[in-house]
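Report on the following structure.
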Amino acid sequence: MLTHLLKNALIVSCQPVPGGAMDDSPYVVGFALAALSAGAAGLRIESARYVAAVRAATDAPIIGLIKRDLDDSPVRITPFIEDVNDLARAGADIIAFDATDRVRPATVEALAEAVRAAGKLSMADCSCIEDARRALAAGVNFVGSTMSGYTGGPEPVDPDIELVGALRKLTPNVIAEGRIRTLEQAQAAARAGASCVVVGSAITRTEHVTAWFRDALDEIYAPAPVVLAVDLGGTKIMASLVQAGEVLDTTVFATDRDGSPERWLAAIEDATAHWKGRYAAAGIAVTGAVRDGNWRAMNKATLGIAGEFPLEARATELFGVPVVAVNDAQAAAWGEFKAAPDRSDLVFMTVSTGLGGGIVSQGRLMRGISGHFGQMRDPSADGALLESRLSGPWIAAEAQRLGYGCDPKEVFSAAYAGEPWAVGIVAGVAGRLARLCCDIQLAIDPARIVIGGGVGLAAGFLDRVRAEISAIGPSAVPELQAATLGPKAGIVGIADLALTHNKK
Ligand code: ADP
Ligand code: BMX
């Protein structure tokens, strides 16, 4: 009859925090009646005093238990035969006891027998499947997952749904209990085969529920951590302190192109030494490919990184905080994605020492070597790497070849002054980028293509690229934007990734 009443049901455990403000009969009875009025089929009540008080107020099924802290046994739930008798006299219908295989005053067999002798049903609070096997052999009526996670080691956060499923293979009379806090967890327990589900703290421990909400809010209200963010490119290194997307301080210096990963890291450490102690995490965005924290060049002409370097591990040692390393253009893609109010998907491209790229698709940053457009082959140039003719160094080399020894910035100035040799160089670069943008649109169809990098952000350059796109007249016109974060896109992106990736 009781097993029938407690089938497919919710049981509410009304156990106040011992010594807490609600630890008194009127509150326990109040919680019990409130739970029953809202559809609970049964109650779990601790102590003979509270069982008697609740029994006086309702005929609903009560699982009774007594908790004790013993000096000579870790068993806490109904350890003694006298406890069984006290609970039976107080009016419990089902008597729960610890059924774990530990040093204990009364055996599981003796307790099960005492419950039977008192004319009540028994519930074995188990920590594992072996506990349940023994308890069922001793003739208990219900097995519960109550003790899972409480017999050694750190206490888990989530309920042991797996144990519920395993218990169901032994008997249909399975009660899921322990750490069930959410509707989804209760449903998962039911799906796993529990014939009823006990929810306690989440309903009747105001102190616990309050603390959960308090902690959740503290996480949000706490000041965002400060991150050391580094963008290491083929020409320059930028290092900043970033907090919640705001750049607090920045330093920029040239990349020693004859250096090595150790030397670049040492230079960064040196340049940021005065920030030590101010940041809680660090992120390094680097030119080149990053996989599992290891760094290597895709094109040594952009930066000569020899072999594969354990960047995350080494930087963690040097900076003394957790470090996340990501490709520079991918980090910039993420920075631009986070900075846009509509959070629309994008492809980012940096036209700089090399030609890098990053893709955010369906709100996720694509990792691995995705976005390395500069490494694609240019069929109109005998299969040369695209970036070998679409980057700052090519502009400088081309100017040199034509007899003008000047840097890309000066080439742009000359082009805007109308000097034909420079106009030709800029038109060539703009045309190649325009064709690449059209191809990317066909391949990925992003909502926008965001352009950054020293060359990409040169005044007037994007308008030239747009004009070249119009001249192509593509079947789908890409939406081009300049990086809203300018040269700081990578810095802002890697600062965010440094925090979110560490959480994984
Ligand atoms: P990195 O490649 O280190 O990330 P940048 O994004 O600054 O660095 O790109 C460096 C390349 O961009 C160099 O070839 C540099 O000459 C060129 N560049 C920098 N500023 C300008 C500018 N204002 N106009 C044109 N080219 C520029
Ligand atoms: C190169 C490649 C990319 C990088 C891009 C832009 C290397 C060393 N780098 O295509 O990984 O994203 O250059 O880098 O292989 P930057 O130095 O021009 O900013």
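Quick note: the coordinates plus some simple rules give every number you see, no bench work behind them. Just so you know, these numbers come straight off a predicted model, no measurement behind them. Reconstructed Cβ throughout: ideal geometry from the backbone, glycine too, with neighbour counts over all protein chains shown.
Restriction of the trypsin sites (Lys or Arg not before Pro) in segment 289-326 to DSSP coil positions whose beta-carbon has at most 14 other beta-carbons within 10 angstrom yields Lys300. Separation of segment 222-240 and segment 1-46, taken as the distance between their Cα centroids, equals 54 angstrom.
Projecting the Cα atoms of Gly144, Asn294, Ala194 onto the charge dipole of the chain, computed from C-beta unit charges around the Cα centre, puts Ala194 farthest toward the positive end.
In segment 132-276, Rg over Rh equals 1.33, where Rg is the alpha-carbon radius of gyration and Rh the Kirkwood radius from pairwise Cα distances.
Taking the average, over residues, of other Cβ atoms within 10 Å as the packing measure, peptides 163-172, 70-79 rank 163-172, 70-79 from highest down.
Among beta bridges from DSSP that stay inside the chain, the antiparallel ones total about 40%. Each Cα pair under 8 Å and six or more residues apart adds its separation to the average, and for the chain the resulting relative contact order is 10 percent.
Computed over the chain, the convex hull of the alpha-carbon atoms projects to a mean area of 31.6 nm². Bridgeable lysines around Lys236 (alpha carbons under 25 Å apart, same-chain partners fewer than 8 residues away excluded): Lys276, Lys300, Lys338, Lys409, Lys488. Phi angles across segment 393-400 convert, under the Karplus curve 6.51 cos²θ - 1.76 cosθ + 1.60 with θ = phi - 60°, into 3J(HN,Hα) values of x, 5, 4, 5, 5, 5, 4, 4 Hz, Gly and Pro given as x.
The tail of the calculated P(r) for segment 25-138, taken as Cα-Cα distances beyond 16 Å, holds 57 percent of the pairs. Using all pairs of distinct alpha-carbon atoms, the Kirkwood hydrodynamic radius of segment 78-184 works out to 14.0 angstrom. Restricting attention to segment 226-330, close to 65% of DSSP beta bridges with both partner residues there are antiparallel.
Multiplying the residue separation of Arg68 and Arg263 by 0.36 nm and subtracting their alpha-carbon distance yields 63.9 nm. Scanning residues 5 or more positions from Thr350 or on other chains, those with amide H under 5 Å from its amide H are Gly356, Gly357, Gly452, with H placed 1.01 Å from N in the peptide plane. Charge dipole (Cα centre; +1 on Lys/Arg Cβ, -1 on Asp/Glu Cβ; no other charges) of the chain amounts to roughly 740 debye. Residues in segment 55-72 carry Karplus couplings, in order, of 4, 5, 9, 7, 9, 4, x, 10, 8, x, 8, 10, 9, 9, 9, 9, 6, 10 Hz; the curve used is 6.51 cos²θ - 1.76 cosθ + 1.60 with θ = phi - 60°, and Gly or Pro positions show x. Give me the mean projected area, in nm² to one decimal, of the convex hull enclosing the Cα positions of segment 226-330. Answer in nm², one decimal: 5.9. Derived scalar couplings between HN and Hα for segment 193-205 equal x, 5, 7, 8, 10, 9, 10, x, 3, 5, 10, 10, 10 Hz in order, rounded to whole Hz, by the Karplus curve 6.51 cos²θ - 1.76 cosθ + 1.60 (θ = phi - 60°), x for Gly and Pro.
Amide H to amide H distances under 5 Å link Ala482 with Ile451, where only residues 5 or more positions off or on other chains count and H is placed in the peptide plane. Note on His4 and Ala137: their simple-model spin labels are 3.2 nm apart, each label 7 Å out from Cα toward Cβ. Based on C-alpha pairs under 8 angstrom that are at least 6 apart in sequence, segment 173-299 has a relative contact order of 19 percent. Protection proxy ranking for 210-221, 398-409, 123-134, using the average of other Cβ atoms within 10 Å per residue and placing the highest first: 123-134, 398-409, 210-221. Hey, any idea what Rg/Rh is for segment 341-483, computing Rh the Kirkwood way over Cα pairs? On the Cα set of segment 341-483, Rg over Rh gives 0.97.
Taking 0.36 nm per residue of separation and subtracting the Cα-Cα distance, full extension of the segment from Ser25 to Arg278 would add 85.9 nm.
Modelled this way, with points 7 Å down the Cα-to-C-beta line, the labels at Arg291 and Asp256 are 3.0 nm from one another.
On a 0 to 90 degree scale, rounded to 10, what angle separates helix 206-221 from the longest Cα axis of the chain? In the chain, helix 206-221 runs at an angle near 10 degrees to the longest axis.
One quarter of the surface of the convex hull around the alpha-carbon atoms of segment 2-214 equals 11.0 nm², the direction-averaged projected area. The distance separating the Cα centre of segment 60-129 from that of segment 192-215 comes to 23 Å. Rounded to the nearest 20, the size of the Cβ-charge dipole of segment 282-425 about its Cα centre is 260 debye, with Lys and Arg at +1 and Asp and Glu at -1. Subtracting the Cα-Cα distance of Asp445 and Asp101 from 0.36 nm times their residue separation leaves 117.7 nm of extension gain. Remark on Val324: its backbone amide H falls under 5 Å from those of Ala282, Gly283, Ile284, a criterion applied only to residues 5 or more positions apart or on other chains, H modelled at 1.01 Å from N.
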